[in-house]
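A short reminder: the numbers here are calculations on the coordinates, not readings from a lab. The structure displayed is predicted, hence computed values, not measured ones.
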Amino acid sequence: MNCLKSIKMDDHSILMAVTALMSAIGLKEIWSIWKKKIDITAQKDEREDSLYAQQVAVLSNKIQQLETKIELLIEENIQLRVKVVKMEARLINSAKKKVNKRKDEKS
């Protein structure tokens, strides 16, 4: 019987220790610590998401600017090709005139 009383006392003392610990810290305090941890994690995720969104916005802006620049360069390239073709035509006409003049002078 002594053995049973000592076991009961041990269980009772463990229960008392747990109860004292719970009352010292308090369930509300445990919950508030847990909630703060959850909130900090959520805020960190929000900051990362907003940072990624900002980076995507910046990159899409740069892509649009590059597309505009490419269009302008294509237009300039077309205009320069037209100028080169016109210059080639002038050079050919000039060369033809010189050849015709020399033929006329020799004849």
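Computed extension length for LYS44-ALA95: 10.9 nm, one decimal, from 0.36 nm per residue of separation with the Cα-Cα distance subtracted. Under 1.5 on a/c is rounded, so check that first for region 40-107, then, if it is not, pick prolate when a/b is larger than b/c and oblate when it is not; a ≥ b ≥ c are the square roots of the alpha carbon gyration tensor eigenvalues. Prolate. Using θ = phi - 60° in the Karplus curve 6.51 cos²θ - 1.76 cosθ + 1.60, the 3J(HN,Hα) couplings for region 51-59 round to 5, 4, 5, 5, 5, 5, 5, 5, 5 Hz; x is entered for Gly and Pro.
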